[in-house]
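Heads up: the structure comes next, in structure tokens.
The values are calculated or read from the model by the stated rules, or taken from the named source; none is laboratory data. Note that this is a predicted model, so its numbers are computed, not measured. Every residue, glycine among them, receives a Cβ derived from its backbone with ideal geometry; neighbour counts consider all protein chains shown. We work out accessible area using only protein heavy atoms, side chains counted, and drop any ligands, DNA or RNA first. Shrake-Rupley method; radii C 1.70, N 1.55, O 1.52, S 1.80 Å.
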Amino acid sequence: MRDNELDADVSARRAVAITLAEYDRVAAAYRRGTEDHDVSQNIAALLDAIEGTPPYVILDLGCGPGRDLRAFSELGHEVTGLDGSAELVALARAASGRPVLHQDFLDLDLPPARFDGIFANAVLFHVPSSQIGRVLADLAAALKPRGVLFSSNPRGRNEEGWVGGRYGCFYDLETWRAIATGAGFIELYHYYRPPGRPRAEQPWLATVWRRCEG
């Protein structure tokens, strides 16, 4: 690894570690603040894009305290959670009764071609830009052929840095599209959230992707 690549890796790992420590610190409050959020539109976007007959094998990436794990489970799917925060992992396991992996996104250890779909709701923007291509490639490898990735991120003008105690990257559609296609995905469609509002009042960019065959 070259010196500049090593420096980027060290900086990225520091940013992720600090961000996860912040989520550990606020885990209980984060659960209370997000438990009533309606992301049914996003869940449907993932499930509707998956080919084949349900139930599906789903990875809830960055599952947080387990709200969406319960939703997928109640719909009859085989869902596994994953989060880098130990406190959120404990909450998710208790809330959902589903298996939850405790893994840092920069060191994912996932079975190859295992999942029909990966649900990455409000999470991948925390991955530093120097590492996001590699992380997306790891996710592509964990999907079955023609598997589906759903991602929702706060949009911006490609700013990157700290917001409070958390690190974030705020991409526009063109930049996010280039990153994801470069990692082995084909865009199916995108939309902005919350629905029914003017674009200026839709801070979230949702994208749906299919793993490229081969």
Self-check item: Potential lengthening between A141 and Y191 on full extension [0.36 nm per residue; Cα-Cα distance subtracted]
Solution: 15.5 nm
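Give the peptides 144-156, 47-59, 31-43 in descending order of average Cβ contacts within 10 Å, highest first.
Numbers: 144-156: 21.2, 47-59: 16.4, 31-43: 13.8.
Descending mean neighbour count gives 144-156, 47-59, 31-43.
Using the crude model of +1 on Lys and Arg Cβ and -1 on Asp and Glu Cβ, and no other charge, please compute the dipole size for segment 119-169 relative to its Cα centre, in debye to 20.
Numbers: 6 positive and 3 negative charges, 36 e Å.
Dipole magnitude for segment 119-169 comes out near 180 debye.
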Self-check item: Using a Förster distance of 41 Å, the FRET efficiency for A200-A86 (Cβ separation, nearest 0.05)
Solution: 0.60
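For segment 1-146, rounded, prolate or oblate, judged on the Cα gyration tensor with a ≥ b ≥ c (square roots of eigenvalues), a/c < 1.5 rounded, else prolate if a/b > b/c? Display every interim value, and only then the final one.
On the way: a/c = 2.13, a/b = 1.26, b/c = 1.69.
Taking the square roots of the gyration eigenvalues as a ≥ b ≥ c, segment 1-146 is oblate.
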Quiz item: Where nothing but the Cβ of Lys and Arg (+1) and of Asp and Glu (-1) is charged, how large is the charge dipole of segment 106-214 around its Cα centre, in debye to the nearest 20?
Solution: 280 debye
Quiz prompt | Prolate/oblate/rounded label for segment 108-167 (Cα gyration tensor, a/c 1.5) | solution = prolate
Quiz prompt | Of G182, W204, G161, farthest towards positive along the dipole that unit charges on Lys, Arg, Asp, Glu beta carbons give segment 161-214 | solution = W204
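Please report the relative contact order for segment 2-159, taking Cα pairs under 8 Å with a sequence separation of at least 6, and give it as a percent rounded to a whole number.
Numbers: 242 pairs, mean separation 39.0, N = 158.
RCO, segment 2-159: 25 percent.
Taking all protein chains in place and a 1.4 Å probe, what share, in percent, of the accessible surface of the chain do carbon and sulfur account for? Can you show the working numbers first?
On the way: 5070 of 10150 Å².
Using a 1.4 Å probe with all protein chains present, the chain comes out at 50 percent carbon and sulfur.
What FRET efficiency, computed as 1/(1 + (r/R0)^6) with R0 = 30 Å and r the Cβ-Cβ distance, is obtained for E160 and L75, rounded to the nearest 0.05? Show your work: numbers first, answer last.
On the way: r = 35 Å, r/R0 = 1.17.
Here the calculated transfer efficiency is 0.30.
Would you calculate, for the chain, the mean residue ellipticity at 222 nm contributed by helices, counting each DSSP H stretch of 4 or more residues as -39,500 (n - 2.57) and dividing by all residues, to the nearest 500?
Working: 7 runs with 84 residues, N = 214.
Rounded to the nearest 500, it is -12000 deg cm²/dmol.
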Quiz item: Around G64, which amide H atoms from residues at least 5 apart in sequence, or from another chain, sit under 5 Å from its own amide H, with H modelled in the peptide plane?
Solution: none
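Using Cα pairs closer than 8 Å and at least 6 residues apart in sequence, work out the relative contact order for segment 82-144, in percent.
Computed over segment 82-144, the figure is 34 percent.
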Self-check item: Label-point separation, Q41 to I18 (7 Å along Cα→Cβ), nm
Solution: 3.3 nm
Quiz item: How high is the relative contact order of segment 97-208, in percent, counting Cα pairs under 8 Å that sit 6 or more residues apart?
Solution: 26 percent
Quiz item: Across segment 118-127, in residue order, what do the Karplus-derived ³J(HN,Hα) couplings come to in whole Hz, using 6.51 cos²θ - 1.76 cosθ + 1.60 with θ = phi - 60° and x for Gly and Pro?
Solution: 10, 9, 10, 9, 6, 9, 5, 5, 7, 7
Quiz item: Can you list residues whose amide H is under 5 Å from G81's amide H, if they're 5+ apart or on another chain and H is modeled 1.01 Å from N?
Solution: D60, V100, L101
Quiz prompt | Whole-angstrom gap from segment 147-180 to segment 25-79, using each part's C-alpha centre | solution = 20 Å
Practice problem: Using the heavy atoms of the protein chains and a 1.4 angstrom probe, tell me the accessible area per residue for segment 127-214 in square angstrom. | Solution: 47 Å²
